[in-house]
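The values are calculated or read from the model by the stated rules, or taken from the named source; none is laboratory data. This one's a predicted model, so the numbers in the text were calculated from it and none came from an experiment. Positions of Cβ are backbone-derived with ideal geometry, glycine not excepted, and every protein chain shown enters the neighbour counts. Ligands, DNA and RNA are excluded from the accessible area calculation, which covers all protein heavy atoms including side chains. Shrake-Rupley method; radii C 1.70, N 1.55, O 1.52, S 1.80 Å.
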Amino acid sequence: MRLLIEHATVWDGSGAAPFPGQVLIEGERIEAVAPAGQAVAAAEGAERIDAGGKFLMPGLVEGHAHLSFVDTPRGTALGELPPEDHALLTMDAARKLLGAGFTSACSAAAAKIRLDVAVRDAIERGHTDGPRLLTASPELTVTGGLGDGRRLHLHQDSFGVAVDGPDEVRRMARLCLREGCDTIKLNISGDYGTESALAETTVMTDAEVAAGVEAAHAIGRRVAAHARASDSVKRALRNGVDIIYHCDFADEEALDMLEAAKDRVFTGPAIGIVLARLESLRGDNSWQGQSFLERLRPLYEATCRTHNEMRKRGIRIVIGGDYGFAANPQGTNARDLEHFVAHLGFSPSEALQAATRTGGEIMKRGHELGQVRPGFLADLLLVDGDPLKDVRVLQDRKRLALIMKGGVRYQPCEGAPHVRRLH
Ligand SMILES: [Zn+2]
């Protein structure tokens, strides 16, 4: 298959200004990128698409995906889903994500050990449609930490697996690695919604973090951390964690350490869920609502302060806002671009680079993913609108004229949040 997309405004993801141009695709890769009017020798005989001035850009990368978080109001509702039903819902979320223009996703945890793995394999075998997927384990957490949904005398699960002590962490990490997880997720800090371990606390010990990292790195896989407290960020860095999400309360020392490791680590604020929760609390004058707000507001302010500073220091930040809860459902992930511009000081171009070029890097494929360049994989979006003027156009699926993954063309389905493979 050879395809020439001509008369497009090409934005290549590097941060360079867009230009009127044309892109030749051969099979699953980009063969040539040229300014408008320049002859492209290999285009002879290729099928042509007249882009009519539309905006051609790299496909989006979700950097903090939870495909198996299926829009439930509570984490414990995930524990009530049988694996078979849960797998189908996860597959559905993958189709929604591709339909929203995301051609790649780096998982930040699955709700059950094999959910990401089964869906990744189904996508790769062509049994279903979805983004390129790097899979993750459930959230390995300590007793009482984020994702430990258990209660005494009740059988109740959530999205985490509680493990205490380095031996338990090592055993569970190795089991998840054996089952095909690309990333081990460790909840080093607490969270704002957790009863005993709050966001400012660091609950996973050094020895536990080290055990998880050692198990993953031994076979060349990665570790991602949930780390809101400043000490949890430092603990992650000292032990070689590869992806450090949130970092909200990072102090000066933690920021310096992140900066020193910026060629090695990735971060992502996951601000989408925080803003969605703040929005849902508006007008809630109940005691519970008010006390939740008292926890959330300082967290929101810390996130904005920290990620503005990290952006200035050139630390790699990816988009992805914990989509997959009732307040911020799967498929609305492009809202994160708007949040980056409105709350974290990113220009539209910087936000789009976080979602494309940096996204390709967190997928471990920065040499062939996330930019419109010759030799790169043909993961592209053709947009009816200019996201550099207003990133919100990417939230409107009707404006996604074409979604391409590896040279295969998709279009959003009419009336359903999915995609249709064109051939
Ligand atoms: Zn998350």
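Quick check for the chain: number of Lys pairs with alpha-carbon distance under 17 Å, counting only pairs 8 or more apart or on different chains?
Lysine pair count for the chain: 11.
Who wins for biggest fluctuation among 330, 290, 411 in a Gaussian network model of the chain, springs between alpha carbons below 10 Å?
Result: 290 has the largest fluctuation of those listed.
Pairs of alpha-carbon atoms within less than 8 angstrom and 6+ residues apart define the contacts here; what relative contact order does segment 60-362 have, in percent?
Once divided by the residue count of segment 60-362, the mean separation gives 19 percent.
Put +1 on the Cβ of each Lys and Arg and -1 on the Cβ of each Asp and Glu in the chain; which of 113, 56, 83 then has its Cα farthest toward the positive end of the dipole?
After comparing all options, I get 56.
Any idea what the dipole of segment 60-362 comes to, in debye rounded to 20, about its Cα centre with Lys/Arg Cβ at +1 and Asp/Glu Cβ at -1?
In debye, rounded to 20, segment 60-362 gives about 460.
How far is it, in nm, from the label point at residue 167 to the one at residue 155 when both lie 7 Å from their Cα along the line to the Cβ?
Simple spin-label model gives 2.6 nm for this pair.
Please express the Cα-Cα pair-distance distribution P(r) of segment 135-290 as a list of whole percents, one per 5 Å bin, running from 0 to the bin with the greatest distance.
Here the calculated profile for segment 135-290 is 2, 10, 18, 21, 19, 15, 8, 4, 2, 0, 0.
For segment 155-216, would you read off the P(r) tail past 13 Å as a percentage of all alpha carbon pairs?
63
Go ahead and estimate [θ] at 222 nm for the chain from helices alone: -39,500 (n - 2.57) per DSSP H run with n ≥ 4, summed, over the residue count, rounded to 500.
Values: 12 runs with 134 residues, N = 423.
Taken over the chain, the calculation gives -9500 deg cm²/dmol.
Using a 10 angstrom cutoff on alpha carbons, build the Gaussian network for the chain and name the most mobile of 219, 244, 49.
219
With unit charges on the beta carbons (Lys and Arg positive, Asp and Glu negative) and the dipole taken about the Cα centre of segment 60-362, which residue among 344, 65, 197 sits farthest to the positive side?
65
Accessible area, 1.4 Å probe, largest first: how do 325, 102 sort?
The ranking, largest first, comes out as 325, 102.
Residue 342 to residue 260: extension gain in nm, 0.36 nm per residue of separation minus the Cα-Cα distance?
Result: 26.8 nm gained on full extension.
Using a 1.4 angstrom probe on the protein heavy atoms only, could you order 277, 114 from most to least accessible area?
114, 277
For the chain, give the percent of accessible area contributed by carbon and sulfur heavy atoms, probe 1.4 Å, rounded to a whole number.
49
Which whole-angstrom value gives the distance between the alpha carbon centres of segment 191-224 and segment 342-378?
A separation of 27 Å, based on Cα centres.
What number do you get for segment 286-423 when its Cα radius of gyration is normalised by 2.2 N^0.38 Å, N = residues?
After normalising by residue count via 2.2 N^0.38 Å, the value is 1.20.
Residues of the chain: accessible area per residue at 1.4 Å, in Å²?
Dividing the accessible area of the chain by its residue count gives 39 Å².
Apply the Kirkwood formula to segment 292-370: the hydrodynamic radius equals the inverse of the mean of 1/r over all pairs of different alpha-carbon atoms; give it in Å with one decimal. Mind dumping the intermediate values first?
Numbers: mean 1/r = 0.0737 Å⁻¹.
About 13.6 Å for segment 292-370.
At q = 0.11, 0.13 Å⁻¹, work out log10 I(q)/I(0) for the chain with the Debye formula, treating every Cα as an identical point scatterer and leaving solvent out; two decimals please.
-0.78, -1.08
Taking the Cα centre of segment 1-135 as origin, work out the dipole magnitude from +1 charges on Lys and Arg Cβ and -1 charges on Asp and Glu Cβ, in debye rounded to 20.
For this selection, approximately 220 debye.
Cysteines of the chain lacking any other cysteine beta carbon under 4.7 Å?
Isolated Cys, the chain: 106, 247, 304, 413.
When the chain is modelled as a GNM with alpha-carbon springs shorter than 10 Å, which of 331, 360, 283 fluctuates the most?
Result for the chain, Cα springs under 10 Å: 283 fluctuates most.
With a ≥ b ≥ c taken as the square roots of the eigenvalues of the C-alpha gyration tensor of segment 1-103, please select rounded if a/c is under 1.5 and otherwise prolate if a/b is larger than b/c or oblate if it is not?
prolate
So what are the ³J(HN,Hα) numbers for segment 128-144, from phi and the Karplus equation (6.51, -1.76, 1.60; θ = phi - 60°), rounded to whole Hz, Gly and Pro as x?
Values, residue by residue: 8, 9, x, x, 4, 10, 9, 8, 9, 6, x, 6, 6, 9, 7, 4, x Hz.
Where a ≥ b ≥ c are the square roots of the eigenvalues of the C-alpha gyration tensor, would you call segment 67-159 rounded, which needs a/c under 1.5, or, failing that, prolate if a/b is larger than b/c, or oblate?
Prolate, because a/c is 1.5 or more and a/b exceeds b/c.
Accessible surface of residue 291 in the full protein assembly, 1.4 angstrom probe, to the nearest 10 Å²?
We get 40 Å² for residue 291.
Once you wrap a convex hull around the alpha carbon atoms of segment 84-124, what is its projected area averaged over all directions, in nm²?
2.8
So how long is each side of segment 328-383 along the principal axes, counting just the alpha-carbon atoms, biggest first, in Å?
Taking max minus min along each principal axis of the Cα atoms, segment 328-383 gives 35, 24, 23 Å.
List residues of segment 164-200, by number, whose backbone nitrogen lies under 13 Å from a label position 7 Å along Cα→C-beta of residue 218.
It comes to 167-178, nothing else.
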